[in-house]
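To keep things clear, I will list the structure first and then write my remarks on it.
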Amino acid sequence: MQARVINMLGANRVRVHSEDGETRIARIPGKMQKRNWIREDDVVLIEPWDFQDEKADIKWRYKQWDVRWLREHGKLKV
């Protein structure tokens with residue numbers, strides 16, 4: 001599920017607005033913390049938790065050219 005980062009909360013957490021209209025608290029996994037810098041207004045791929053729908057894990061951060069391509073082809077919903 002695609003989402004846009006709203007703001008950084010600290011402690012490897014961000015608030016995201018997902019394509020289904022929900023606002024969730026997303027966790028940045030450890031292997032992504034130093035390799036990919038996540039900033040506000042970045043488009044990310046998230047996976048909501050099964051047992052708490054208001055929380056999610058970030059799986060991928062789209063690059064600028066990925067976002068441009070997704071917009072041009074009508075695939076970006078956030």
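Which percent of the accessible heavy-atom area of the chain goes to carbon and sulfur, probe 1.4 angstrom? Carbon plus sulfur share of accessible area: 48 percent.
Could you tell me what percent of the DSSP beta bridges with both partners in the chain are antiparallel, to the nearest 5? The answer is about 85 percent antiparallel.
Remark: region 13-56 carries 68 Å² of accessible area per residue (probe radius 1.4 Å; ligands, DNA and RNA excluded). Per residue, the average separation of C-alpha pairs within less than 8 Å and at least 6 apart gives the chain a relative contact order of 30 percent.
Cross-link pairs exceeding 24 Å in C-alpha to C-alpha distance, out of LYS31/LYS63; LYS34/LYS77; LYS34/LYS59; LYS34/LYS75, comprise LYS34/LYS77; LYS34/LYS75.
The values are calculated or read from the model by the stated rules, or taken from the named source; none is laboratory data. All of these numbers come straight from a predicted model, not from anything done at the bench. Ligands, DNA and RNA are excluded from the accessible area calculation, which covers all protein heavy atoms including side chains. Shrake-Rupley method; radii C 1.70, N 1.55, O 1.52, S 1.80 Å.
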